[in-house]
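First the structure, in the form of structure tokens, and then the observations on it.
The values are calculated or read from the model by the stated rules, or taken from the named source; none is laboratory data. Computed from a predicted model, the values in this text were never measured in an experiment. Here the Cβ positions follow ideal geometry from the backbone for every residue, glycine too, while neighbour counts run over all protein chains shown. Heavy atoms of the whole protein, side chains included, go into the accessibility calculation; ligands, DNA and RNA do not. Shrake-Rupley method; radii C 1.70, N 1.55, O 1.52, S 1.80 Å.
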Amino acid sequence: MAEPKTNELMEKIASLCKRRGFIFQSSEIYGGINGFWDYGPLGAELKRNVKELWWRSMTQERGDVVGLEATIIMHPKIWEASGHTSTFSDPMVDCLLTKKRFRADQVEPQSGVVFRFDDAVEAAAAISSANQSISDMPDGEQKEKLLRGVQKEVQLLRHALNLPRDQVFDPMELVGAFVRKYGRQGRSLERSFSVLVSSETESARAERVAQDFYEKQGLIAPIPRLARKEQVKDSKGFNSENGPGKGAELTPPRPFNLMFKTYVGPVESEENVAYLRPETAQAIFAQFKNVLETSRQKVPFGICQIGKAFRNEINPRNFTFRSREFEQMELEFFIRPDEAVEAICGKVASAAEVSNIEHRTADAQPSTLNPQPQPNWGWEAWHSYWVEQRIRWYESIGLPRATLVEYWQKPEELAHYARATVDILFKFPFSKRDDQGELTGEELEGVAARSDFDLSQHQRFSGKAMGVFDEELKVAWAKLDETTKQALGQRYQDARFAYLTKSGVAAEQAAWDAKADADGLAKGQYIPHVIEPSAGVDRLILALICHAYSEDQAPDEKGKLETRVVMRFHPRVAPIKVAIFPLLKNRPELVRKAEEVRELLRPHMAVFYDEVGAIGRRYRRQDEAGTPFGVTIDFDTLGEKGPELKDTVTLRDRDSMKQERVKTGDLLPLLLEKVR
Ligand code: ATP
């Protein structure tokens, strides 16, 4: 559970992000707010580029997906239908000492000895009761022993009163001073508290932690009472943040709903409660019918959305990876149920049969790698298709396949309605390593086959029909023989019955409804199934930044090698595409020409103009910003060294640092080809 020590690379990356204006801590001047991040000038450009590329590839470059932009706050019933109100929670535990909250599943198991205290009393009370008996006693060995026995309380009182350690005090005088200062005496607190330490010899440490705990509960100079000690193994009941074997007790796990709550309207009452959406997907389901009716799309088709989502994460961490406010890019792709596909096409193509969805191999020809969706695709083929499409998209923006992991969730990990889910992971520097030392990766995107669960839920909760009418199915069904009709109808009915009963509908009602659904199928009606590729923008930005970060050696102005930090962004996502440098800023003819080049490129791409400092330093600044191209306007451009070089510029490549002379007139098409 303890925050893994952010490795050195992540520290460098986070510091570059701040220094160069990619990412800042939100509200930094007020000390920041945990789990919230702002994007600076370069980060904002990077993010816009990524979102625009996603949008373009999802909608504009294909005919079967349309967009939506819905509100963040929606009717609270939406979250009841989706299950978020009742189940969108992580079990969490609180540290009784520090009050810090952790996700129960992230607590590190610890072994050692648990010291259990069941109450505590203020030192003054202990000392004064001991003193009562001591004062009646004749001097002697026993009295000495008793006096020695209150030394600990004396120390605690001294500490509470801030008195010097070496001065000798009469115990009762101390009690008097204590009472004068705090005005009360003799409180005790019956509240149990446990501490885990690595071995019995650390009892003093356990007691100190307990003292700290009881002090925080309001006791002054408390003396905890030890109830028992016991050996434990792999316990997840203690806070391990201070290291192994140094843990204060944690509360038992409790569910914690991750949705941010607010009130709509002036009255803060239960009926006005609303939530900031924890995902963008539900708006797509809620608007499914409106989009279907206005977009002239037919199943199979998709609706996509980019937008903010909010989750009150228990433990935001790893820079922006787990934030409380973030953006998602989600697609809901609606497909026919397999029974409808079979009725229309005679057979459903399995994912394995769809041979051209095979994954890319080193020698595969691109032509075999671009499967065209087919009418006989069922959910399996569509699911594999979207996994592959998404991985290709990541490749197209500069994340090679080798940096990604395709993780197929195991049956026991799947949500009850999901038929398959593939998580696309990126190997972040902070990812755990497997036994072979390979980074295991963290989730960038989930691609889930969610059956017809979502639309069915909204149909039940809203009372509005969410099904579609499919003319092709109606015509095909009429031509089927009776046995096939019977078999397909029964399969559909069984699936609907299973959904309904799992969702809490009584068996008798569910049987009736499922039969009605199967009758509907025969007339061309069904609730579409859905494949959902759901990606996080911020996690992707972090992946792009981590992948782009590199250090190499490059000569400085005097030719001496120095470390160069380069952000090797793919030109498509790079915040600035090209930087324009007049060689000298005090030569008006150079500046004029450079401004001309800037104006030539500016309408087409993000351009940065920089005339300050030595040219080498200007290159370095752009390397750190990840600008893939630099254009230098020098005396050759003006034709001073001969007419053949007039109107040519130097084009510098960020990664290879190679420079070539290019005609000004060729610059725009050449760059456009690389940045689009
Ligand atoms: P995790 O298991 O990491 O909490 P999840 O499985 O709950 O993620 P989904 O509900 O599937 O995530 O959300 C889809 C995508 O939204 C994730 O793949 C991720 O990219 C992004 N996302 C989810 N939670 C966060 C978060 N707290 N911060 C940033 N991005 C997030």
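Here TYR394 meets the list (1) modelled with pLDDT of 95 or more; (2) assigned to a helix (DSSP H, G or I); (3) out of contact with any Ser or Thr (no Cβ under 9 Å at 6 or more places or on another chain) almost entirely, failing just condition (3). Whether any residue in the stretch 653-663 is open to solvent by less than 50 Å² (accessible area, probe 1.4 Å), among the basic types (Lys, Arg) and either in contact with a helix residue (DSSP H, G or I) (Cβ under 7 Å, 6 or more places away or on another chain) or assigned to a loop (DSSP other than H, G, I, E, B) (or both) is what I want to check. Looking through the stretch 653-663, at least one residue is open to solvent by less than 50 Å² (accessible area, probe 1.4 Å), among the basic types (Lys, Arg) and either in contact with a helix residue (DSSP H, G or I) (Cβ under 7 Å, 6 or more places away or on another chain) or assigned to a loop (DSSP other than H, G, I, E, B) (or both).
The residues of the stretch 540-577 that are surrounded by 13 or more Cβ atoms within 10 Å (Cβ to Cβ), in a loop (DSSP other than H, G, I, E, B) and over 30 Å from the mean Cα position of the chain (by Cα) amount to a single one, ASP556. Residues of the stretch 517-566 that are touching a strand residue (DSSP E or B) at 6+ places or on another chain (Cβ under 6 Å), more than 16 Å from the ligand (Cβ to nearest atom) and aliphatic (A, V, I, L, M): ALA548, ALA554, LEU561, VAL565, VAL566. For first residues located in the stretch 325-346 and among the aromatic types (Phe, Trp, Tyr), partners that are open to solvent by 30 Å² or more (accessible area, probe 1.4 Å) and lie 6+ apart or on another chain with Cβ distances below 7 Å form the pairs PHE333/PRO300; PHE334/PRO300. Please pick out the residue among GLU241, GLU230 that is acidic (Asp, Glu) and outside any loop (DSSP other than H, G, I, E, B). Criteria check complete, one pass: GLU230. Kindly indicate whether any position in the stretch 486-497 is within 19 Å of VAL299 (Cβ to Cβ), open to solvent by 60 Å² or more (accessible area, probe 1.4 Å), among the charged types (D, E, K, R) and in a loop (DSSP other than H, G, I, E, B). No, because not a single residue in the stretch 486-497 is within 19 Å of VAL299 (Cβ to Cβ), open to solvent by 60 Å² or more (accessible area, probe 1.4 Å), among the charged types (D, E, K, R) and in a loop (DSSP other than H, G, I, E, B).
What number of residues within the stretch 56-68 satisfy the criterion of being out of contact with any helix residue (DSSP H, G or I) (no Cβ under 8 Å at 6 or more places or on another chain) and either under 19 Å from LYS577 (Cβ atoms) or open to solvent by less than 50 Å² (accessible area, probe 1.4 Å) (or both)? Lay out the reasoning, then the answer.
Let us first name the residues in the stretch 56-68 that are out of contact with any helix residue (DSSP H, G or I) (no Cβ under 8 Å at 6 or more places or on another chain), namely 56, 58-64.
Next, only the ones that are either under 19 Å from LYS577 (Cβ atoms) or open to solvent by less than 50 Å² (accessible area, probe 1.4 Å) (or both) stay: 56, 58-59, 62, 64.
The number of residues fulfilling the criteria is 5.
This table checks each residue for (1) farther than 26 Å from LYS99 by Cβ; (2) open to solvent by 50 Å² or more (accessible area, probe 1.4 Å).
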residue: ASP170; (1), (2): yes, yes
residue: ALA177; (1), (2): yes, no
residue: SER188; (1), (2): no, yes
residue: ARG208; (1), (2): no, yes
residue: ARG225; (1), (2): no, yes
residue: PHE238; (1), (2): no, no
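Restricting ALA418, ALA449 to residues that are modelled with pLDDT under 95 and within 20 Å of HIS84 (Cα to Cα) narrows the list to ALA418.
Answer yes if at least one residue in the stretch 664-671 is of a type in the set (A, V, I, L, M), open to solvent by less than 50 Å² (accessible area, probe 1.4 Å) and closer than 19 Å to ARG592 by Cα, and no otherwise.
We begin by selecting, within the stretch 664-671, every residue of a type in the set (A, V, I, L, M); these are 667-668, 670-671.
Next, from what is left, pick out any that are open to solvent by less than 50 Å² (accessible area, probe 1.4 Å): 667-668, 670-671.
If we keep only those that are closer than 19 Å to ARG592 by Cα as well, we get 667-668.
So far as the stretch 664-671 goes, yes, one or more of its residues are of a type in the set (A, V, I, L, M), open to solvent by less than 50 Å² (accessible area, probe 1.4 Å) and closer than 19 Å to ARG592 by Cα.
The number of residues in the stretch 244-281 being in contact with a Gly (Cβ under 8 Å, 6 or more places away or on another chain), among the aliphatic types (A, V, I, L, M) and in a loop (DSSP other than H, G, I, E, B) comes to 0. Within the stretch 431-458, the set of residues being within 20 Å of ALA418 (Cβ to Cβ), within 13 Å of the ligand (Cβ to nearest atom) and assigned to a loop (DSSP other than H, G, I, E, B) comprises just one member, ARG450.
Scanning the stretch 312-335 for residues that are of a type outside the set (Lys, Arg), near the ligand (Cβ under 10 Å from one of its atoms) and modelled with pLDDT of 95 or more yields THR320, PHE321, SER323, GLU325, PHE326, GLU327, GLN328, MET329, GLU330. Could you tell me which residue of the stretch 264-300 is farthest from the ligand (Cβ to nearest atom), considering only residues that are of a type in the set (D, E, K, R) and under 13 Å from ILE78 (Cα atoms)? Across the stretch 264-300, the extreme among qualifying residues is ARG277.
Of all residues in the stretch 281-297, those being in contact (Cβ under 8 Å) with a residue 40 or more places away in the chain and open to solvent by 30 Å² or more (accessible area, probe 1.4 Å) number 6.
Check whether at least one residue in the stretch 245-263 is closer than 30 Å to GLN151 by Cα, more than 12 Å from the ligand (Cβ to nearest atom) and basic (Lys, Arg), and report yes or no. Let's see the steps before the verdict.
Taking the stretch 245-263 and keeping what is closer than 30 Å to GLN151 by Cα, we get 245-249.
Subset that is more than 12 Å from the ligand (Cβ to nearest atom): 245-249.
Checking which are basic (Lys, Arg) leaves us with 246.
Yes; the residues of the stretch 245-263 include at least one that is closer than 30 Å to GLN151 by Cα, more than 12 Å from the ligand (Cβ to nearest atom) and basic (Lys, Arg).
Name the single residue that is farthest from SER534 (Cα to Cα) among those in the stretch 403-430 being of a type in the set (D, E, K, R) and either more than 14 Å from the ligand (Cβ to nearest atom) or open to solvent by 30 Å² or more (accessible area, probe 1.4 Å) (or both). If you could, list the steps in order and put the result at the bottom.
So in the stretch 403-430, the residues of a type in the set (D, E, K, R) come out as 406, 410, 412-413, 419, 423, 427.
Still in the list and also either more than 14 Å from the ligand (Cβ to nearest atom) or open to solvent by 30 Å² or more (accessible area, probe 1.4 Å) (or both): 406, 410, 412-413, 419, 427.
Details: GLU406: 14, LYS410: 19, GLU412: 21, GLU413: 17, ARG419: 16, LYS427: 18 Å.
The selected residue is GLU412.
Can you pull out every residue in the stretch 664-676 that is within 17 Å of LYS577 (Cβ to Cβ) and out of contact with any helix residue (DSSP H, G or I) (no Cβ under 8 Å at 6 or more places or on another chain)? Let's see the steps before the verdict.
Taking the stretch 664-676 as the starting set, the residues that turn out to be within 17 Å of LYS577 (Cβ to Cβ) are 664, 666-676.
Those that are within 17 Å of LYS577 (Cβ to Cβ) and out of contact with any helix residue (DSSP H, G or I) (no Cβ under 8 Å at 6 or more places or on another chain): ASP666, PRO669, LEU670, LEU672, GLU673, LYS674, VAL675, ARG676.
Here's a check for you: in the stretch 348-384, which residue that is in a helix (DSSP H, G or I) and among the small types (Gly, Ala, Ser) is modelled with the lowest pLDDT? Taking the candidates together, the pick is SER367.
Examine the stretch 530-539 for a residue that is assigned to a strand (DSSP E or B), touching a residue at least 24 places away in the same chain (Cβ under 8 Å), more than 30 Å from ALA286 (Cβ to Cβ) and open to solvent by 10 Å² or more (accessible area, probe 1.4 Å), and state whether such a residue exists.
Going through the stretch 530-539, the residues assigned to a strand (DSSP E or B) turn out to be 530-536.
Restricting the remaining residues to those that are touching a residue at least 24 places away in the same chain (Cβ under 8 Å) gives 530-536.
Checking the rest, the ones that are also more than 30 Å from ALA286 (Cβ to Cβ) come to none.
Within the stretch 530-539 (the criterion being assigned to a strand (DSSP E or B), touching a residue at least 24 places away in the same chain (Cβ under 8 Å), more than 30 Å from ALA286 (Cβ to Cβ) and open to solvent by 10 Å² or more (accessible area, probe 1.4 Å)), the answer is no, since none of the residues qualifies.
Entry remark, the stretch 501-517: residues being open to solvent by 10 Å² or more (accessible area, probe 1.4 Å) and either closer than 17 Å to GLY467 by Cα or in contact with a Cys (Cβ under 7 Å, 6 or more places away or on another chain) (or both) number 4 in total.
Between ASP139, ASP105, the distinction of being surrounded by fewer than 14 Cβ atoms within 10 Å (Cβ to Cβ), part of a helix (DSSP H, G or I) and of a type outside the set (Gly, Ala, Ser) belongs to ASP105 only.
Quick check, is ARG48 without any contact (Cβ under 8 Å) to a residue 24 or more places away in the chain and within 30 Å of SER15 (Cα to Cα)?
Values: without any contact (Cβ under 8 Å) to a residue 24 or more places away in the chain: yes; within 30 Å of SER15 (Cα to Cα): yes.
Answer is yes for this residue.
I'd like the full set of residues that are open to solvent by less than 20 Å² (accessible area, probe 1.4 Å) and touching a strand residue (DSSP E or B) at 6+ places or on another chain (Cβ under 7 Å), limited to the stretch 431-454. If you could, list the steps in order and put the result at the bottom.
We begin by selecting, within the stretch 431-454, every residue open to solvent by less than 20 Å² (accessible area, probe 1.4 Å); these are 431, 441, 444-449, 451-454.
If the condition is that a residue be open to solvent by less than 20 Å² (accessible area, probe 1.4 Å) and touching a strand residue (DSSP E or B) at 6+ places or on another chain (Cβ under 7 Å), then SER431, GLY441, LEU444, GLU445, GLY446, VAL447, ALA448, ALA449, SER451, ASP452, ASP454 are the ones that fit.
Looking across the stretch 11-43, just one residue is open to solvent by 70 Å² or more (accessible area, probe 1.4 Å), assigned to a loop (DSSP other than H, G, I, E, B) and touching a residue at least 24 places away in the same chain (Cβ under 8 Å), and that is ASN34.
Just one of the listed residues (ALA120, ALA124) is at pLDDT 80 or above, surrounded by 21 or more Cβ atoms within 10 Å (Cβ to Cβ), more than 46 Å from the chain's Cα centre (by Cα) and not polar (S, T, N, Q), namely ALA124.
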